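J.: Quick one: the structure is below, questions incoming.
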């Protein structure tokens, strides 16, 4: 054997993966720049908090978390994914916050045989026709939160509702989800611009339409603005406001403060849920970060918990992707949200809770659990999935 | 009633836009400086005001500190950096001010964190006022309108009735002649830049309680400000006011009434979908139209 | 103009680029082949803007939308070939979809310029910005092609049997070839009669008009050529990512292209490559280091403005009139 062959052989050996995985590499692709980077950071915090409790391991494997920035932009997100896939060779991809980035990256993840654990809302295409064994979701399908609110609003006997969501596909989908479950009349449907900050025009339109309730899908800065302005316009007492989970989440409450009092939303998790896994999570989070966890921190935590259980299940042999996937599907862990199992499209089947914004004993503005709107809810697109 | 409410909304938006555009048009007109980072002073004003208001409980203090901070930072940046690119032409200025936006956004994120922060409305203005039967309007928004009008009046007084104003108008009208006639242009420039920054910051501080104070809030507004400057005429404060009102009116009424107007002769789901899209574009269509007929704007500063 | 320095730079650059894929494979850093492909695609776009700005003297913020329109053209045609979404025809061959992207870029450029050229300087800039935004909102509101969620392509365009663009290395060489061809065309154009007239217009338009040239038409053609180049860059980018979204047409993208052009050196032959490479590489390196990379990028841009005011490309070439 001459030098050249030896060199080539050495290279060949170096380039094939080791027989047994000795660590698990997680690609955490999220939005680190831009105004929505705060909630993305919270998701990372939740994920890392869980890893702290296991000494930086998932199962028996040490974890390497590589954080990348998608800049809330599908092109940059795709770039960042390429880096994670080709340069860092991650095993699992998670953390993406926004559906346009998710839709641009998911096909690439599938092609590279990287397990994509979507820790944020699942777009309808990925829950339905384009479902794939490599794509899991640990949060919920986009429409679920709206369907839960729709049910609740119908239960509360509201007959004439005004709708508001930003004018982009996800926004319109949320409104469709609401309409699927709500059985009354629609007073008016208003679609402000994405990223719009001043809603005086829209609030005036709502006032003029005289509905008996308002359903709002917004998130981040938009939600903060709307809530504040709605309260300032004097409408918060007159026309009750119902929101999707993101509309009245922790970050919005921190930004809007007392303006949000009395507003109701539906979520698959709340900080005051009474189960042991959640109590532990909330206590640890408050101790570590000195503030209440948000839905996003919870999503990060729960994703880590799922991975932990799955890696334990395959005894660390994640290189056997089939077995690893099967273990993930089994989802044998205690979720802080309560009952959890995967549907046939690998999107969770779970309970939905209505919660209202109130002041707690310390005078802080928080979401308080009201009641369970629906148990064991499966998303509307599961039947379209051929898996 | 809806129309009245929307008109008040348009007025409020227009006045705030004017405060931002006024600084931009003066800087452009007098110093021939394309300042893409003008929106960053707006952001700085909001952040500083929010922080001071939270710490001290006093809105007056918050405003004063925000104005001072913006003017201070503005004059410093002008003196240290922008001075060096005056003669270099618009291209260098675009590059430098684009870089400043990047630095400003990241620095603000570093200091205040990535999440939007809360600036509460002052207690005394937290309610709404019944202006007419069936129309109650937010007290704070009314306060914005009043403050905006007051500041606009003060600005006009300064530009038209003081010596500084004469220098400013001379500089906007013909820079070289002004210098030849003995106007101390470098001090004037620094002053005008600081003034523009302070006005922008004032708008940011005033809008802070209504809008979410977040990183990048300047970029959203800077495009509208540039449109106003171009429509109104570069270097002209009167033009900026006219432009602001026009842009605000088109934007507000477009958003409010276009979807339903379209719904009159288009199927409902197309109208709901197309309406907001069209109203977003309408400002640009308006600008293109105005430039087509009046290529130098509606009220240009030069003779 | 001293060809010496520019020619040498070109030779070195091309040689380095040709050697990139084998080196990258050898060192297990194949990821950088993708980075380089992206740089080349942007280099074509920036060179197009360089033509428009540096030689045509037109400060434009519309190139982003022309790039995006080219990307969408390719994506739409490819999608239509497999899924009949609307009345538009479908094709998956690069020989059809890429020239189509260039054609759309050129036509849109022609349309935008025909109206915008009635104004000049800052007003021209603002009108091109307005058109940029109009195109952005157009694609944003096209729900049938994804709207804000964007449009995905199932596979890269078919080039030649046996030469699959799916292979990153092949794709890289194709991009390199296209960039080289574009640069050659740019060089010939600038030194042709057309280029000289354009240069004259850039320096003193009234004089050229007095000499009898229809300056409006020359600028119009220049802008259209720039549009074609941007469209081609768009076709390459959408093939690289297999995805396009309206975000590609946002005004900040156009602004970034302008920044890259100025960075590289307005009017320099290699300004496009230098500007795109410098910006994207700095972004890539810094973001690996720190989350606060935008500060570093900002400082770097300021440094270039102050110390290399005619752009990076001018570091190789002496002052031109």
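J.: Return the single residue from C:21, C:89, C:246 with maximal mean-square fluctuation; model: Gaussian network over chain C, springs between Cα atoms under 10 Å.
T.: Maximum fluctuation in the GNM of chain C, among the listed residues, is at C:89.
J.: Please compute the length gained on full extension between residue C:160 and residue C:143, using 0.36 nm multiplied by the number of residues separating them and subtracting their Cα-Cα distance.
T.: On the way: separation 17, 0.36 × 17 = 6.12 nm, distance 3.28 nm.
Gain in length upon complete extension: 2.8 nm.
J.: Follow-up question, since we're still on this one. Restricted to Cα positions, what overall size does chain C have along the principal axes? Three whole-Å values, descending.
T.: So the extents along the principal axes, rounded to whole Å, are 55, 48, 40.
J.: Any idea how far apart residue B:56 and residue B:68 come out in nm if each label point goes 7 Å out from Cα toward Cβ?
T.: Simple spin-label model gives 0.7 nm for this pair.
J.: Using alpha carbons only, how many degrees (0 to 90, rounded to 10) separate the axis of helix A:169-181 from the longest principal axis of chain A?
T.: With rounding to tens, the tilt is 60 degrees.
J.: Only Cα pairs within less than 10 Å get springs; with that Gaussian network setup on chain A, which residue of A:367, A:320, A:160 has the largest fluctuation?
T.: Result for chain A, Cα springs under 10 Å: A:320 fluctuates most.
J.: For the protein assembly as shown, what's the radius of gyration and Dmax over Cα atoms, in angstrom?
T.: When restricted to Cα atoms, the protein assembly as shown yields Rg and Dmax of 28.6, 97 Å.
J.: Could I ask something else about it? What translational D, rounded to a whole number of µm²/s, comes out for chain B from Stokes-Einstein when the hydrodynamic radius is the Kirkwood one over Cα pairs, at 20 °C and 1.002 mPa s? Intermediate results must be reported in sequence, preceding the final value.
T.: Details: Rh = 20.1 Å.
Using the Kirkwood radius from Cα pairs, D works out to 107 µm²/s.
J.: For the Cα atoms of chain A, what angle does the longest principal axis make with the long axis of helix A:3-15, in degrees from 0 to 90, nearest 10?
T.: Approximately 30 degrees, to the nearest 10.
J.: While we're looking at this one, here's another question. List B:43, A:387, B:75, A:97 from most exposed to least, where exposure is judged by having the fewest other Cβ atoms within 10 Å.
T.: With the fewest neighbours first, B:43, A:387, B:75, A:97 line up as A:387, B:75, A:97, B:43.
J.: Related question: How would you classify the stretch B:178-251 from its alpha-carbon gyration tensor, with a ≥ b ≥ c the square roots of the eigenvalues: rounded for a/c under 1.5, else prolate if a/b is greater than b/c, otherwise oblate? The partial results should precede the final answer.
T.: Details: a/c = 2.84, a/b = 1.50, b/c = 1.89.
Verdict is oblate for the stretch B:178-251.
J.: Can I ask one more? Given the DSSP H assignment, sum -39500 (n - 2.57) over each helix run of at least 4 residues in chain A and divide by its residue total; what's the result at 222 nm in deg cm²/dmol, nearest 500?
T.: Numbers: 14 runs with 160 residues, N = 387.
About -12500 deg cm²/dmol.
J.: Here's another thing I want to ask about it. Place a label point 7 angstrom from the Cα of residue B:187 along the Cα-to-Cβ direction, then list the residues of the stretch B:72-97 whose backbone nitrogen is under 17 Å away.
T.: B:75-76, B:79
J.: Let me ask something else about it. Identify which of C:146, C:56, C:298 has the largest mean-square fluctuation in a Gaussian network model of chain C, with springs joining Cα atoms closer than 10 Å.
T.: C:298
J.: R0 = 41 Å: FRET efficiency of residue A:323 with residue C:285, Cβ-based, nearest 0.05? Let's see the in-between values first.
T.: Values: r = 39 Å, r/R0 = 0.94.
After rounding to 0.05, the efficiency reads 0.60.
J.: Relative contact order, percent, of the stretch C:34-248 when contacts are C-alpha pairs under 8 Å separated by at least 6 residues? Kindly include the intermediate steps, with their values, before the conclusion.
T.: Working: 342 pairs, mean separation 95.9, N = 215.
Relative contact order comes out at 45 percent.
J.: With an 8 Å cut-off on Cα pairs and a minimum separation of 6 or more residues, tell me the relative contact order of chain A in percent. Before the final figure, lay out each step's value.
T.: Values: 802 pairs, mean separation 71.4, N = 387.
That works out to 18 percent.
J.: Is the stretch C:151-191 best put as rounded, prolate or oblate by its Cα gyration tensor, with a ≥ b ≥ c the root eigenvalues, rounded for a/c under 1.5, and otherwise prolate when a/b is larger than b/c, oblate when not? Don't skip to the answer; put the middle values down first.
T.: On the way: a/c = 3.23, a/b = 2.20, b/c = 1.47.
In terms of gyration-tensor shape, prolate.
J.: Taking the Cα atoms only, what angle lies between the long axis of helix B:90-112 and the longest principal axis of chain B, rounded to 10 degrees?
T.: Helix B:90-112 sits roughly 60 degrees off the main axis of chain B.
J.: Could you give the distance between the Cα centres of the stretch B:120-153 and the stretch A:110-145, to the whole Å?
T.: For the stretch B:120-153 versus the stretch A:110-145, the Cα centre distance is 46 Å.
J.: Could you tell me the distance between the Cα centroids of the stretch A:53-81 and the stretch C:95-139, to the nearest Å?
T.: 39
J.: Same structure, new question: Counting only helical runs of four or more DSSP H residues, what would the 222 nm mean residue ellipticity of chain B come to if each run contributes -39,500 (n - 2.57) and the total is spread over all its residues?
T.: Values: 11 runs with 226 residues, N = 303.
That comes out to -26000 deg cm²/dmol.
J.: Please work out whether chain A counts as rounded, prolate or oblate from its C-alpha gyration tensor, where a ≥ b ≥ c are the square roots of the eigenvalues and a/c under 1.5 means rounded, while otherwise a/b larger than b/c means prolate and anything else oblate?
T.: On the way: a/c = 2.05, a/b = 1.88, b/c = 1.09.
Judged from the Cα gyration tensor, chain A comes out prolate (a/c at least 1.5, a/b above b/c).
J.: Got the relative contact order for chain B handy, in percent, Cα pairs under 8 Å and 6 or more residues apart? Don't jump to the answer; show the numbers that get you there.
T.: Working: 465 pairs, mean separation 106.0, N = 303.
So the answer I get is 35 percent.
J.: What whole number of Å gives the distance from the Cα centroid of the stretch C:246-321 to the Cα centroid of the stretch C:1-58?
T.: The two parts, judged by their Cα centres, are 14 Å apart.
J.: Given labels modelled 7 Å from the Cα in the Cβ direction, how far is it in nm from residue C:196 to residue A:66?
T.: Computed distance between label sites residue C:196 and residue A:66 equals 5.4 nm.
J.: Please compute the modelled spin-label separation between residue A:280 and residue A:110, points set 7 Å along Cα→Cβ, answer in nm with one decimal.
T.: Each label point is offset 7 Å from its Cα along the Cβ direction, giving 3.5 nm.
Values in this text are rule-based calculations from the coordinates and carry no lab data. Keep in mind that what you see is a predicted model, and the values were worked out from it rather than measured. Quick reminder, even Gly has a Cβ in these numbers, built from the backbone with ideal geometry, and neighbours come from all protein chains shown.
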